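Q: Just dropping this structure here.
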Amino acid sequence: MQNLKKLLIVISSISVVPSLIFAQKTLSPSEVASQYQKAFYYSGKDMKALVYMQLIESGGKERVRELTMLRKNTENSEEQKYFIYFHQPADVEGMTFMVYKYPQKDDDRWLFMPALDLVKRIAANDRRSSFVGSDFTYEDVSGRDLAEDNFSIEKEEKIGGKDCYVLKSAPKNPKSADYSYKLSWIDKVTFLPLKEEYYDIRGELYKLFIAEEVKDVSGFPTVTKRKMVNVKSQHQTLVTFKDIQYNLGIDKELFTERYLKRPPSKWIK
Amino acid sequence: MEKWYEKGVKVNRLTIFSINHPRVTIILAFLVTLIFATQFPKIKTDTDPKNMLPATSDVRVYNDQMEKTFALHKDVIVLGIVNEKGIFNSSTLEKIERITDEIFRLKGVVLQDVISFTTADNVIAENNNLTVKPLLTGIPQTPEEMEVFRKNLFENPIWVGRLISQNGKTTAIYVPLEPGANGKEIAEKIKEIVKKEKGEEKYYVAGDPVARDTFGAEMFKQMALFSPLAGMIMMVALFLMFGNIPLVFSILAVAMMSVVWSMGLLIGLGFPVHIMSSMIPVFLMAISTDSIHIFNEFYFRFNEIKDKKRAVMDTINSVGAPVRYTALATAVGFGVLAIGGIIPVRVFGLFVAFGTMVIRLMSFTFLPAVMMLIKEDKLLKTSQRDSLEKGASVWLGKLGRFATGRPKLLLSVGFIFLVLAIVGITQIRVNNNMVKWFKEKSEVREADKIMNANLGGTSLGYLVAHANSEEAMKEPENLKYLEAVQKDLGNVELVGKTTSLADLVKRINRVMNQDNPPYEKIPEDKKVIAQYLFMFGMAAKPSTLDNLVDYPYQQANLMVQLKTWDAQAMQKVIDRVADYQKSHPNGNLKFKPAGIAYFNLVWNNEVLFDMVKMFGLALVLVFLILSFNFRSFKWGLVSYFPLIFTILLIYGVIGFIGKDFDMPISVLSTLSLGMAVDFAIHFVKRFKQRLAEENDLQKALIWTVERPGKGILRNAFLFSLAFSVMIFASLTPYITVGIFIAFLMTVSAFLTLIYLPAFIILFQKFLMPQKETT
């Protein structure tokens, strides 16, 4: 079984390589950006994962969030739906959170609080706000509209033996992002970001993303361990994705207010 | 062999060398000075009062730990924005937005944690939606939108008093600084930013880092201005007294050399120049004037015997002993600080002691060498005026006759003053307030005043509630207890505002319940609280929550804003909470103070009490030195009196006029000891010498008042004059130093000249049992 998996990985990588050798010379910066977005945020038609987040403050104390994340893409659209079920912390167990993501306008978000047996719509004005208190913003978790940034390729560099494009993204409207620019080291093979550096308005590095583990899951290269460090405050967030599955055929029905309150157990375990 | 040597006079070999080779001596002295001066470019300064205590001190360790736990910043600059017509208009709001954006660009600012209308999170209910977003997202264009903004702002208790004044005319931008950033420099840049804005708004820059770093910068300027100024005035006065330029310069040279040697050594050894050590030059200049006694005597002697070399020898022989002992007493008075607990105080004490020893060395080498080089004819002319029949000596003689004639009357008057002084001392208020180190009309103080009048208060203290177990801060009863403590603290005068997790939970509860005011309370269910806080954390800036509660929900931060930088205000807060805990016991929560307001309280107390403790020790040591010097406890006791009397009088006056007994005053205590003891030593030593030559007690006393007394008065006068220029300084501690020294010298000189003769007459049997009474 293990051997078969390895073989599959080898075959799938080999199959991509020729197209890449060819692509290397022709890909424009915005094409790289678009490939990166597809690989990082849109793999498969849908996805399910058990996500384990550790929020670590500068003194070393930890908060833990454990959640099941379900994502469904909309066909022929960049819209996505997210369904999140919280297992930890213990006193919020059963809380659910749903996001309809629209690239060109504000998200719709709903939250179910079991202690009050209440679904509340949460207005989301700012995708730059922190995702459940972590160092990731909503935008870091679900992506940013490509049309909002200017892209350029700064250089090409190896990271951990992998050839990468170093893509620079700078917001067209400076007020639309916290960073004045971002550098992404994008694997030429998988188009996944292996490292990202966020620079503030003064040009100082303030946030650092590192993909610590990349695995192939059902043919989709997936970042299974990632880290985001706020280099200024020394706060960091470690995220591990487990039990990742793609193309399960998640029902559209699940992404409704009704299921927020009573999610079917097969989707959340 | 010279005559004086044959007479068996004891003169140090070093002095003999100096007299025989004056030029070599002077050149050597300057060369050594030059070596010390080469260290000056290495100067490092440290104006942060935090470093008064070592980084390992309990209060600093705990403060650092709490800052980490609650993601707080040590240093925060507050920019106050006032519009007398109210800030609720689009033009003012646009300015706030623009200024905030500009502040983001400043290096050294923690831009993620700048708090302003455009960054501070607010939880509001909007069309039955829950919204967490900054207070100001887009400038309101219509009166309706403006009203919504105003309503949302005033309904959030977390920000009222912090970001908006009750009357709606004042707002603020809180600018946290990265560690090591210079508060004054960033404050200057913020001032440049607001200068670009036109309109009726007024801007005020306040906060601890501004006061601290402005003080630091100002301190060096003041020292650079007033030390030379004091030196120049001393020079002019010396010239008028002695009429001989080389003499005048040599006294100043001794002062400068001791300053260069000790500061050079301090810098060379790698110590930073601190608030305390910046005062070393002034202190050394003060101490160096002791060498006047040498010139004073030299002039008298030369006028009598007209032989320069002989006069120098005789002078050193007669003044040598008192100069040695005054130097020793002064050095011990400061040196004793070296065994205290506060490092900058120890450094200060040690290097002043070192400088004092340098002065002593110069008195026996450099000064005799200079005297040898002065041309005799010039000396003859100017020293003519220094005979006992002339000038101040005449009325000093009268003073001596009065003091020896009416000892009992003087004693009674002294007793009355003593009682008054003690009454005054009981009135002394121990306090410290760094903002008050600036003058009333200064920018720093003005800004602080305006901010405190309108917002919750610029001085920030923390009361950290510690629970026994994790998750405890989600318990309704604990949050209710926090709420109750806050309410109780509201009764403390000068507490402008308190903020805690309880405020946030109440606010969310209200918003979750259709913004219904009765729901502004702590919910009864722990799970509800936990889910509220989780929900809030899903949308808000993490720091908003982190500032109030730690990660395991075991510690909560109750922020207390004080409307004054008085260290004692924080003490009142701590006492109040302790009282409340006594009357309303709660086994779960323990409160521990932290924050800059608490730190100010601790370091002030530590420095102050360390000083007072060492001062006490110095008093004992100086008494022992006096007794040893006179080989008699009785004489030690008598000569001790003017010293104690002077100190009591000064502190009595401080008590009566209501001046806070603060750090600068406590530092000056040691100086008062070192200086006041000099006069007594000179007086008693010279009197005893005289008595050995002349058997009439009263005559000997009057002679002492006339002749060494003139030296004492010259010394006191010179001092007072030089230091009185500091009254014009822009920082109040220097003004205090100026007034204090002038007062101290004058009082202790007169007390010495009046009370020592009176005492000696009165207690002659006790002091000199072997002598016949006159």
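Every read-out reported here was derived from the displayed coordinates using simple, explicitly stated rules and does not represent laboratory data. As the structure is a computational prediction, the values presented were derived from the model and not from experiment. FYI the Cβ positions are ideal-geometry reconstructions off the backbone, even for glycines, and counts take in every protein chain you see.
Q: Taking chain B as the reference, fit the longest principal axis to its C-alpha atoms, fit the long axis of helix B:476-489 to the helix C-alpha atoms, and give the angle between the two in degrees, 0 to 90, nearest 10.
A: Compared with the principal axis, the helix lies near 50 degrees.
Q: Report relative contact order for segment B:443-601 in percent, whole number only (criteria: Cα-Cα under 8 Å, sequence separation at least 6).
A: Result for segment B:443-601 is 42 percent.
Q: Mind pulling the per residue volume of the convex hull built on the Cα atoms of chain B? Å³ is fine.
A: For chain B, the hull spanned by Cα atoms encloses 176 Å³ per residue.
Q: Can you pull out the trypsin sites (Lys or Arg not before Pro) in segment A:119-150 whose DSSP state is coil and whose Cβ has at most 16 other Cβ atoms within 10 Å?
A: Counting only loop positions with at most 16 other Cβ atoms within 10 Å, the trypsin sites (Lys or Arg not before Pro) in segment A:119-150 are A:R128.
Q: Among the listed pairs A:K81/A:K266; A:K72/A:K225; A:K105/A:K227; A:K105/B:K133; B:K487/B:K563; A:K168/B:K196, give every one whose C-alpha distance is greater than 24 Å.
A: In this structure, A:K105/A:K227; A:K168/B:K196 exceed 24 Å between Cα atoms.
Q: Can you list which of the trypsin sites (Lys or Arg not before Pro) found in segment B:554-658 are DSSP loop residues with at most 13 other C-beta atoms within 10 Å?
A: B:R631
Q: Would you please give the residues with an amide H less than 5 Å from that of B:I77, counting only those at least 5 places away or on a separate chain, with H modeled from the backbone geometry?
A: Counting only residues 5 or more places away or on other chains, the set is B:V175, B:L177.
Q: How would you rank B:660-667, B:455-462, highest first, on the average number of other Cβ atoms within 10 Å across their residues?
A: B:455-462, B:660-667
Q: Which whole-angstrom value gives the distance between the alpha carbon centres of segment B:710-742 and segment B:532-555?
A: Result: 56 Å between the Cα centres.
Q: Restricting to Cα pairs below 8 Å that are 6+ residues apart, what does the relative contact order work out to for chain B? Please round to a whole percent.
A: Relative CO of chain B lands at 19 percent.
Q: Could you tell me the distance between the Cα centroids of segment B:441-497 and segment B:26-40, to the nearest Å?
A: Value for the Cα centre distance between the two parts: 55 Å.
Q: Using only alpha carbon pairs under 8 Å that are at least six residues apart, calculate the relative contact order of chain A and give it in whole percent.
A: Value for chain A: 20 percent.
Q: Within segment B:422-519, report the trypsin sites (Lys or Arg not before Pro) that DSSP leaves as loop and that have at most 10 other Cβ atoms within 10 Å.
A: Passing both the DSSP loop test and the Cβ count: B:K441.
Q: Rounded to whole Å, give me the distance from the Cα center of segment B:640-704 to that of segment B:158-234.
A: Cα centres, segment B:640-704 to segment B:158-234: 42 Å.
Q: Can you compute 3J(HN,Hα) from phi for each residue in segment B:571-586, using the Karplus curve 6.51 cos²θ - 1.76 cosθ + 1.60 with θ = phi - 60°, rounded to whole Hz and x for Gly and Pro?
A: 4, 4, 4, 4, 4, 4, 5, 4, 4, 4, 5, 5, 7, 10, x, 9
Q: Angle, helix B:308-335 long axis vs. longest principal axis of chain B, Cα atoms, 0 to 90°, nearest 10?
A: Tilt relative to chain B: about 30 degrees.
Q: With springs only between Cα atoms under 10 Å, which of A:K227, A:K48, A:K242 fluctuates most in a Gaussian network model of chain A?
A: Its mean-square fluctuation being the largest, the pick is A:K242.
Q: Then there's this: At most 14 other Cβ atoms within 10 Å plus a DSSP loop assignment makes a site exposed; report the longest stretch of chain B without any exposed GluC sites (Glu not before Pro).
A: Longest run free of exposed loop sites: B:201-388.
Q: With no solvent and one point per C-alpha, what does the Debye sum give as log10 I(q)/I(0) for segment B:608-762 at q = 0.19 Å⁻¹?
A: Here the Debye-derived log intensity ratios amount to -1.16.
Q: What is the Rg over Rh value, at two decimals, for the protein assembly as shown, using alpha-carbon atoms and the Kirkwood definition of Rh?
A: Expressed as Rg/Rh, it is 1.13.
Q: While we're here: Over all residues in A:87-99, what is the mean tally of Cβ atoms on other chains that come within 10 Å of each residue's Cβ?
A: For this peptide, the per-residue mean of nearby foreign Cβ atoms is 3.
Q: What value, in deg cm²/dmol to 500, does the helix sum -39500 (n - 2.57) over DSSP H runs of n ≥ 4 give at 222 nm once divided by the residues of chain B?
A: -21000 deg cm²/dmol
Q: Okay, next question. Return the average number of partner chain Cβ atoms within 10 angstrom of each residue Cβ along peptide A:198-210.
A: For peptide A:198-210, the averaged partner shielding equals 2.
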